[in-house]
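All remarks here apply to the structure that follows.
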Amino acid sequence: NRNGIDFAVADLSLAEFGRKEIRLAEHEMPGLMALRREYSEVYPLKGARVSGSLHMTVQTAVLIETLVSLGAEVRWASCNIFSTQDHAAAAVVVGPHGTPEEPQGVPVFAWKGETLEEYWWTAESMLTWPDGGGPNMILDDGGDATLLVHKGAEYEKAGVVPPADENDSEEWQLVLETLRKSLAADNGKWTKIAEGIRGVTEETTTGVMRLYQLAAAGNLLFPAINVNDAVTKSKFDNRYGIRHSLIDGINRGTDVLMGGKVAVICGYGDVGKGAAESLRGQGARIIVTEIDPICALQAAMDGYDVQVLEDVLGRADIIITTTGNKDVVRIEHMAAMKHQAIVGNIGHFDNEIDMAGLQRYPGIRRINIKPQVDEWVFPDGKSILVLSEGRLLNLGNATGHPSFVMSNSFSNQVIAQVELFTKYQEYDKEVYRLPKKLDEKVARIHLDALGGKLTKLSKDQAEYIDVDVEGPYKPEHYRY
Ligand code: NAI
C-alpha cells in the first residue's frame, strides 16, 4: 500500500518504460481512444467498480485507463501466471501523473512468473475492495474471476467447501484452499459480492463456454456479455492476433528456423486458422488435426494436410495446440516425438498438453533452458522442448497480440461494460452478445485508421438487398 493504493507488482521503477510503451500503444488503439473522446464528458462508468482479470500487458493498460477515463474505479489481476508485462503493471499502478514514490493509478495484482498459489491470491485481492465490499462489474478473460465468485457463493450456501478429490488438479486444489480460507474468515463474503455484481463481460472462447454451461444449468448469478463472439473480436484477435504472436513466441523461446519444418496445428477454429497462417508465412509445412469435419475440410481447402496426431509424430518438428479442449497432446504422443520437437499451447488453459503426465513419466529429467523454456529429457536421451509449461505461449514467451488488434477486442469490452453497467435491469441472468451495429462501429473506426475507404450503399441498393443504409449489413446468422 503506497499513497492509499494497494497493489502487488514486480517493480514500480519500471513504470517510466511502461508509460512510454503505453503512449505508443495509444496511437495504435484508435477504437479505445475514440471511445475516450466519445464519452469524454459523459462518464458512463461513474460509480462502476470494475474487477478485471485479463493478461496485464501494455494493451490492457490502455484498456484499464480507458475504463478509468469513462469514470470507473478499477482493480486488476492477470488471468495467467506468465502473461504479465511487469513494466505495464508498474505504469498502471503509478498512473499517467503519479511517480513510483507517489503512485496515483489503479491497484494491480500481477507479476510475470506467479506461482499458482500466488495467482489465486491475486484473483481474490482483485475482487476484494479496500472497504471490504466487492466489484459491481467483472471484466473476465477465461472465467477465473467469475468462477471464484460462483464457487464461493455455492459453497457458502452449502456451508462447506468440499474436500479435494485425489484426481483434482493442483490448481483446483488451490482454488478450494483459497475458498476454504475465505469461508473461515468471512462466511457470506462471496454471496454478498455476487449480489452486488451487475454483470460480467467475457473476453475469450473458453470463458464463454464456461458461462453458457453456468447459464444452461440455471446457475449464472448475474447477466453476462459474450465479447468473444463479437465478429470484430473472434474473427480478428483470435485469428490475426495469433498470426502475429504465435511465431513471436516460438522465435523468442527457441529462435529455431521454421521454414521447411513440419508443424502440426491441433484445432482449426479461429485460433487454429491464425496459427496455421502464421507458420505457413515462415515457410513451415503445415499439418492440421481436427475433430470437426467442417473445420477439417476448411483446412484441406486452405491447402493443409489433415491428419491425426498419432500418424505424424515421427515427422513433426513443431506441435501447437489451439483447441480449447483437454488432453490433446498426451504423454504417449510426447514420448513418440522427434528429438528436440517443440511443443506449445496457445489455447486458454494448460490442460491441452498433459504436463502432469510428463512430470510423472518414469526417469524423465527437466532442464530449464531459460524462463518459460524447458527441455524434457526422456530416459532414452531423446528430449522435447516445452514452451511456457504448456500455458499460452504467445503471452508466456512473447508479449501477446499487438495493440491494433487488441483495440478491436477491447473496444467491444468497453462497450459491453457500459451496456451492462448502465442497463443491467434490462438483462436476465443469461449470456448475451453485442448488437451487430456496435460490431460494425468498431470495424469502421479501425478501417478508417488504416486508411481504408468504405463504399456507401445507395438507398436503392439498400432496399434491393433489404438492409438499412446505415447497417447492420448482415443477418445474425451470417458467418463472415
Ligand atoms: P474454436 O472453437 O473456434 O476452435 C477450436 C477448434 O478446436 C474447433 O474447431 C474444434 O473442433 C477443435 N478441436 C476440439 N477438440 C479437438 C481435438 N481433440 N483435436 C483437434 N481439434 C479439436 O475456438 P478458438 O476461438 O479458436 O479458441 C481456441 C482456444 O484459444 C480457446 O481456449 C480460447 O480461449 C483461446 N484463445 C487464445 C488466445 C491467445 O491469445 N492465446 C486468443 C484467443 C483465444
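A short reminder: the numbers here are calculations on the coordinates, not readings from a lab. Worth saying up front: this structure is predicted, and the values here are computed from it rather than measured. Heads up, the Cβs are rebuilt from the backbone with ideal geometry, glycines too, and the neighbour counts pull from every protein chain shown.
Each Lys or Arg adds one and each Asp or Glu subtracts one; over the other residues with Cβ under 15 Å from the Cβ of Lys20, this totals -4.
Rounded, prolate or oblate for region 1-143? Axes are the square roots of the Cα gyration tensor eigenvalues, ordered a ≥ b ≥ c, and the cut-off for rounded is a/c under 1.5. List each step's numbers first, then the result.
Working: a/c = 1.41, a/b = 1.17, b/c = 1.21.
Because its axes are fairly even, with a/c under 1.5, region 1-143 counts as rounded.
Here is how the number arises for the chain: DSSP H runs of 4 or more residues each give -39500 (n - 2.57), the sum is divided by the residue count, and the result at 222 nm is -12500 deg cm²/dmol. What separates the Cα centres of region 180-224 and region 140-164 is a distance of 7 Å.
Applying a length cut-off of 30 Å (Cα extent along the axis) and a mean Kyte-Doolittle floor of 0.0 to the DSSP H helices of the chain leaves no helix.
The spacing between region 117-133 and region 363-385, judged by their C-alpha centroids, is 35 Å.
Protection proxy ranking of 234-245, 292-303, 428-439, by the mean of other Cβ atoms within 10 Å over each peptide's residues and highest first, is 234-245, 428-439, 292-303. For a paramagnetic label modelled on Leu450 (point 7 Å from Cα along Cα→Cβ), amide N atoms under 19 Å away belong, within region 377-404, to 401-404. Packing, taken as the mean count of other beta carbons within 10 Å per residue, orders the peptides 136-145, 219-228 from highest to lowest as 136-145, 219-228.
Given +1 at the Cβ of Lys and Arg, -1 at the Cβ of Asp and Glu and no other charges, the dipole of region 267-396 around its Cα centre is 440 debye to the nearest 20.
Sum up the charges of everything whose Cβ sits under 10 Å from the Cβ of Ala164, counting Lys and Arg as +1 and Asp and Glu as -1, but leave Ala164 out. Surrounding charge for Ala164 is -4.
When a/c reaches 1.5 or more, the comparison of a/b and b/c decides; with that in mind, is region 350-480 rounded, prolate or oblate per its Cα gyration tensor? Prolate, because a/c is 1.5 or more and a/b exceeds b/c. In whole Å, what is the distance between the alpha-carbon centres of region 22-46 and region 252-329? Each part reduced to its Cα centre gives a spacing of 37 Å. Annotation for region 121-206: trypsin sites (Lys or Arg not before Pro) lying in DSSP loop with at most 10 further Cβ atoms inside 10 Å of their Cβ do not exist. Considering only Ser78, Gln282, Ile318, the residue lying farthest towards the positive end of the dipole of the chain is Gln282, judged by Cα position with unit charges set on Cβ. Dipole magnitude for region 1-106: computed about the Cα centre from +1 point charges on Lys and Arg Cβ and -1 point charges on Asp and Glu Cβ, it is near 240 debye.
For Lys437, what is the net charge nearby, where nearby means another residue's Cβ is under 14 Å from its Cβ and Lys, Arg count +1, Asp, Glu -1? Present the calculation step by step, with values, prior to reporting the outcome.
Values: positive: Arg433, Lys436, Lys441, Arg444, Lys474; negative: Glu419, Asp439, Glu440, Asp468, Glu470, Glu476.
After counting each charged neighbour, the total is -1.
DSSP finds beta bridges in the chain, and of those with both partners inside it, around 20 percent are antiparallel.
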